[in-house]
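Everything on this sheet refers to the single structure shown next.
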Amino acid sequence: MKFLFKDDKNKEKLKEKEKEKKKDDDENEDIENENKDNYDKKNKREKKKKKKKIRIIVAPEAFNVNDISNLRTFIQLEKNHLKYIPDIFLNRENLTNIIHLLLKTLE
């Protein structure tokens, strides 16, 4: 490509730089969208797990061994675990299990 003027050469370089910049911006936007999608999926999974733990806490039937293990990890990992404990328990055995788990985490 032959340039007649110096300005034409500079304009062509500017156009190439703009194209490269646009391509980089598009790639960055794609990465940001992918990260946001991954974050949304992870957030949904965490919410489902919390809902399941809360349902276990307020269940009218007694906890099984698996439920107690799940609650133990929930109490250890959740910072505000006390806000999920209900005021009224339908099962006394569940109340004693939760109190026992809470006391263990305080040790």
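The values are calculated or read from the model by the stated rules, or taken from the named source; none is laboratory data. Since we're looking at a predicted model, the values are computed, not measured. Heads up, the Cβs are rebuilt from the backbone with ideal geometry, glycines too, and the neighbour counts pull from every protein chain shown.
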Q: Would you check if residue 57 is modelled with pLDDT under 80, aliphatic (A, V, I, L, M) and either under 20 Å from residue 106 (Cα atoms) or loosely packed, with under 10 Cβ neighbours inside 10 Å (or both)?
A: yes
Q: Scan segment 69-91 residue by residue and report those that are at pLDDT 85 or above and of a type in the set (Val, Ile, Thr).
A: 73, 75
Q: Could you please find all residues in segment 90-99 being touching a helix residue (DSSP H, G or I) at 6+ places or on another chain (Cβ under 9 Å) and without any contact (Cβ under 8 Å) to a residue 24 or more places away in the chain?
A: none
